[in-house]
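Undergrad: A single structure is presented below for examination.
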Amino acid sequence: MRVALAEDSVLLREGLARLLGEAGFDVVAQCDNADDLLLKVRSYDPDVAIVDIRLPPTHNDEGLQAALDIRSQHPSVSVLVLSQYVELGLALKLLSDSAEGVGYLLKDRIGDVEEFVAAVRRVAAGGSALDPLIVQTLVSRQRPDDPLVQLTPREREVLELMAEGSSNQGIAEKLVITVRAVEKYVSSIFGKLGLPSTGSESRRVLAVLTFLRT
Amino acid sequence: MLGAIALLACAVPIRSFFVATTGDDVDIVAVGLLDWITVPYILAGAVAWLRRPESRLGPLMLAGGFASGLSALQLTHVDSLYTIGAIFDILPAALFLHVCLAFPDGRLRSRYESFLVGAAYAAALGLQLVKMSFGAFGARSLVELSAQPDLARTVEHVQLLSLSAICLGGAGVLITRRRQAGRPRRRLLALLIDLFALGLVMIAVLFTAGTFDWPGFLTIQRTTLAVIGIAPIVFLLGLLDARLARSAVGDLILELRADPAPADLRDALSDALRDPSLTLAYWLPDFQAYVDLAGREVELPAENGRTATLIERNGGHVAALIHDGALDDEPQLLGAVGAAAGISLENGRLHAELRARLEELKGSRARLLDAGHRERQNLERNLHDGAQQRLIALSLELSMLEQKLADRPALQSRLDSARREIATTLEELRDVARGIHPAVLSGHGLAVALESIAARAPLPVRLTVELDTRLPDRVEVAAFYVVSESLTNVAKHAEASGATVFVAKTSDGVVVEIVDNGVGGADTEKGSGLRGLADRVEALGGRLRVWTPLGGGTRVQAEIPCA
């Protein structure tokens, strides 16, 4: 799998490149600013671009803008946005019309190499990865007549993993249950919350997000 | 001397009366019109000379009067007097032009004007002598050398037509001046200058009519003389008006005794000086600047036609009157008004100083807030680019090391716990950084930043943000803190089951509103943080209002301008 990397801290960029290289990725491009990234995505056509949300020159929204540009101009290239703070508003912006081939993770997650590599792989393959912190914020959000109270603790866990972008297989591994059991939980959750079943695993991320947002 | 001149002026009509009654074929109207010019010019000239001995205007007007008086000698039967009268026949026109252009201070303002006046004198006196030497005024003239009527006529045509052109040029100068400086604000002065221009045009018409023998020459001549004669009368009326204005100082003193509010002082002074355009500027020594009553800085005028008169009191600057340039003519009046207004001006100055200090304070409060904000932003950025990045890189390094130690589980677990330690540190650092400055706000704006605030609140919050553009940094920060502090207050004190947050653009800024359905009766002074929020909002020139009736929920509304 081919990766393009945009991160302005040399320390972190080289660490990431080494980590991804050892995990079997082909790091085809490394850069420290958004313009360069767009140029390299155009010429190398990677499977996934990993983008720091805070890029020069102003360190404001250049990274996010680059991610949105890649999503609209190169739909075949997945985008994984990294940030030292995760914000619900940004996640909603990034996933506004599709959760396919997109990820938004706290930079700290790099420290857990195994999980991080799995997330990169999932996003590169067209899936999604949403930081657990954001899912936490959404799930624990106060609502009048909270519909989530109908869920069992196990169902809640499955819902959170679903929102983070895990596949049924991934959820099964994490909770050490069978895929069949996961499927049962999923359909029970969709039934209780009144969500239409969508089939595709990445499409259901958006459905769950939309539900949790309100 | 004034008495002597007045006597002389009175003598002129008496002389004319005798001329008229003793002569056989004398045109009484012509004599009367000549006096109509002679007397006012002599009087006006004498008064102007007395008022301002250093100005050339008085002598010029006197000369005009005498010249026109002398030209009337043409009507006598004595040949020598007749000759003198003939020599001075045209000169009054040149003097009139000189007066028009030299008004009000007696000086000509450009080479072009000097040229016009010089040419006028040359034509009016030089060509007059030439044409007389060719016999233009007949055998009674004592300066006739040879009688050549055709040559004399040609010289006269050249003389009159060139004078016409020169007078039109003079009228053009007056019109140009007025276009550049604007119409004078005092009515009599404006009228006088209009009369000057009209008189010059009339003279040009008169001379052209004389050259080509137009019908109705006599009517044109009389009208011209009438117009020229009105000018010095208007001039005298203007002086009288100024005198009356001086008596207005008495009214001013009475008015000031009633101790008017600083705002009314300008109007009182403007009335006394009869200058509706008057501006009052106070001198603030600490600021080394002139300011108006609201404390805003005022530039003393460099523009055309306005003058600043400085007012001193107890040896120090107090204020400046910025007025119409025409008032320069009346330094005594300005001095009297300034002296009368002394104490009131001192009061006004204190008032203006207070306002100026208030403005300064407002500015410095906003600057302090800005400086604090910038400092926090820098701190947050340093944390982000420094410690946080390094810790993440370190954690990444440890994690990769851990993977390579699959055969030594004891080491692996120690590395793992070190990594967890780093993760906790990062989390704490993130909280600290967010507390210092919400980076997401400067990066992505209010709408994005408020989303998390609303989602994390311990009660259901409905958020509506109606903004299509980013706002200035300091406004966003203030609005952000209004929302986050208010929601914290709601959670702590309101016992509410829900809240709404509404943010929208207004014509000149942003309005932020937080409403809850709790118990109300919030403490708006101490402890609640509302005071701090109000300070922050007011420092930006905005306003924070709180409605918090007991049992009726609380509504916090902030309006922040984007200036």
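Undergrad: Which one of A:D97, A:D108 is more than 30 Å from B:R420 (Cβ to Cβ) and in the same structural domain as A:E22 (by TED's automatic domain parsing)?
TA: Details: A:D108 fails: more than 30 Å from B:R420 (Cβ to Cβ).
One residue alone meets the criteria, A:D97.
Undergrad: Follow-up question, since we're still on this one. Kindly provide the set of residues from segment A:119-140 that are touching a Gly at 6+ places or on another chain (Cβ under 9 Å) and either part of a helix (DSSP H, G or I) or among the aliphatic types (A, V, I, L, M) (or both), ordered by number.
TA: Kept after step one, since they are touching a Gly at 6+ places or on another chain (Cβ under 9 Å), are these residues of segment A:119-140: A:119-131.
Selection gives A:A119, A:V120, A:R121, A:R122, A:V123, A:A124, A:A125, A:A129, A:L130.
Undergrad: Could you tell me which residue of segment B:457-468 is farthest from B:Q557 (Cα to Cα), considering only residues that are away from chain A (no Cβ under 12 Å) and either in a helix (DSSP H, G or I) or in contact with a Lys or Arg (Cβ under 8 Å, 6 or more places away or on another chain) (or both)? Step through it out loud before you land on a result.
TA: Start the filter on segment B:457-468 by keeping residues that are away from chain A (no Cβ under 12 Å), which leaves B:464, B:466-468.
Within this subset, residues satisfying the condition of being either in a helix (DSSP H, G or I) or in contact with a Lys or Arg (Cβ under 8 Å, 6 or more places away or on another chain) (or both) are B:466-468.
Details: B:E466: 15, B:L467: 17, B:D468: 20 Å.
Of everything passing the filter in segment B:457-468, B:D468 is farthest from B:Q557 (Cα to Cα).
Here's the yes/no breakdown for (1) touching a Phe, Trp or Tyr at 6+ places or on another chain (Cβ under 7 Å); (2) of a type in the set (A, V, I, L, M); (3) outside the structural domain of B:V448 (by TED's automatic domain parsing); (4) part of a strand (DSSP E or B):
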{"site": "B:A496", "(1), (2), (3), (4)": "no, yes, no, no"}
{"site": "B:S507", "(1), (2), (3), (4)": "no, no, no, no"}
{"site": "B:L533", "(1), (2), (3), (4)": "yes, yes, no, no"}
{"site": "B:V537", "(1), (2), (3), (4)": "no, yes, no, no"}
{"site": "B:V546", "(1), (2), (3), (4)": "no, yes, no, yes"}
{"site": "B:P549", "(1), (2), (3), (4)": "no, no, no, no"}
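Undergrad: Does B:Q412 count as more than 8 Å from chain A (Cβ to nearest Cβ), farther than 30 Å from B:L450 by Cα and among the polar types (S, T, N, Q)? Walk me through how you get there before you give the answer.
TA: Values: more than 8 Å from chain A (Cβ to nearest Cβ): yes; farther than 30 Å from B:L450 by Cα: yes; among the polar types (S, T, N, Q): yes.
When the stated conditions are applied, B:Q412 passes them.
Undergrad: While we're here: Which residue out of B:L280, B:L300, B:L265 is at pLDDT 80 or above and assigned to a loop (DSSP other than H, G, I, E, B)?
TA: B:L300
Undergrad: If B:L446 passes every condition in (1) more than 8 Å from chain A (Cβ to nearest Cβ); (2) surrounded by fewer than 18 Cβ atoms within 10 Å (Cβ to Cβ); (3) touching a Leu at 6+ places or on another chain (Cβ under 7 Å) but one, which one does it miss?
TA: If we test B:L446 against (1) more than 8 Å from chain A (Cβ to nearest Cβ); (2) surrounded by fewer than 18 Cβ atoms within 10 Å (Cβ to Cβ); (3) touching a Leu at 6+ places or on another chain (Cβ under 7 Å), just (2) comes out false.
Undergrad: State which residue is farthest from A:L11 (Cα to Cα) when the search covers only segment B:369-427 and only residues that are among the polar types (S, T, N, Q), without any contact (Cβ under 8 Å) to a residue 24 or more places away in the chain and in contact with a helix residue (DSSP H, G or I) (Cβ under 7 Å, 6 or more places away or on another chain). Give the steps one after another, and end with the answer.
TA: Step one: filter segment B:369-427 for residues among the polar types (S, T, N, Q), giving B:377-378, B:382, B:388-389, B:395, B:399, B:403, B:412-413, B:417, B:424-425.
If we keep only those that are without any contact (Cβ under 8 Å) to a residue 24 or more places away in the chain as well, we get B:378, B:382, B:389, B:399, B:403, B:412-413, B:417, B:424.
Now drop any that are not in contact with a helix residue (DSSP H, G or I) (Cβ under 7 Å, 6 or more places away or on another chain), which leaves B:389, B:399, B:403, B:412.
Details: B:Q389: 8, B:S399: 15, B:Q403: 20, B:Q412: 23 Å.
The selected residue is B:Q412.
Undergrad: Tell me, please, whether a residue that is under 17 Å from A:L130 (Cα atoms), in contact with a helix residue (DSSP H, G or I) (Cβ under 9 Å, 6 or more places away or on another chain) and of a type outside the set (A, V, I, L, M) can be found in segment A:39-46. Quick ask: steps written out before the conclusion?
TA: Quick first cut of segment A:39-46, residues under 17 Å from A:L130 (Cα atoms) only: none.
Checked segment A:39-46: no residue is under 17 Å from A:L130 (Cα atoms), in contact with a helix residue (DSSP H, G or I) (Cβ under 9 Å, 6 or more places away or on another chain) and of a type outside the set (A, V, I, L, M).
Undergrad: Among residues belonging to segment B:66-81 that are touching a residue at least 24 places away in the same chain (Cβ under 8 Å) and surrounded by fewer than 19 Cβ atoms within 10 Å (Cβ to Cβ), point out the one that is nearest to B:L189 (Cα to Cα).
TA: B:T76
Undergrad: Would you point out which residue out of B:A294, B:A326 is of a type in the set (A, V, I, L, M, F, W, C) and either surrounded by 18 or more Cβ atoms within 10 Å (Cβ to Cβ) or assigned to a helix (DSSP H, G or I) (or both)? Explain how you work it out, then say what you get.
TA: On the way: B:A294 fails: either surrounded by 18 or more Cβ atoms within 10 Å (Cβ to Cβ) or assigned to a helix (DSSP H, G or I) (or both).
After ruling out the rest, the residue left standing is B:A326.
Undergrad: Please identify the pairs in which a residue from segment A:133-154 that is within 13 Å of chain B (Cβ to nearest Cβ) and surrounded by 12 or more Cβ atoms within 10 Å (Cβ to Cβ) has its Cβ atom under 9 Å from the Cβ atom of a residue that is among the aliphatic types (A, V, I, L, M) and assigned to a loop (DSSP other than H, G, I, E, B), counting only partners at least 6 apart or on another chain.
TA: A:L133/A:V86; A:I134/A:V86; A:T137/A:V86; A:R141/B:A457; A:Q142/B:A457; A:Q142/B:L459
Undergrad: Have a look at B:R390, B:R381, B:R357 and point out the one that is in a helix (DSSP H, G or I), away from chain A (no Cβ under 14 Å), farther than 16 Å from B:T309 by Cα and modelled with pLDDT of 85 or more. It would help to see each step written out before you state the result.
TA: Details: B:R390 fails: away from chain A (no Cβ under 14 Å); B:R381 fails: away from chain A (no Cβ under 14 Å).
So the residue among B:R390, B:R381, B:R357 that is in a helix (DSSP H, G or I), away from chain A (no Cβ under 14 Å), farther than 16 Å from B:T309 by Cα and modelled with pLDDT of 85 or more is B:R357.
Undergrad: I'd like the full set of residues that are at the interface with chain B (Cβ under 10 Å from one of its Cβ atoms) and in a strand (DSSP E or B), limited to segment A:102-118.
TA: Matches in segment A:102-118: A:L106 only.
Undergrad: Right, here's the next one. For segment A:159-214, list the helices (runs of 4 or more DSSP H) that sit wholly inside it and hold at least 1 residues that are closer than 18 Å to A:L138 by Cα and at pLDDT 90 or above; which are they? Steps first, answer last, please.
TA: On the way: elements: A:168-175, A:179-193, A:201-213.
Of the helices (runs of 4 or more DSSP H) lying wholly inside segment A:159-214, those with at least 1 residues that are closer than 18 Å to A:L138 by Cα and at pLDDT 90 or above span A:179-193.
Undergrad: Out of the residues in segment B:456-502 meeting the condition of being surrounded by fewer than 16 Cβ atoms within 10 Å (Cβ to Cβ) and charged (D, E, K, R), tell me which one is nearest to the chain's Cα centre (by Cα).
TA: Once the filter is applied, the top-ranked residue is B:D473.
The values are calculated or read from the model by the stated rules, or taken from the named source; none is laboratory data. All values derive from a computational prediction rather than experimental measurement. Quick reminder, even Gly has a Cβ in these numbers, built from the backbone with ideal geometry, and neighbours come from all protein chains shown.
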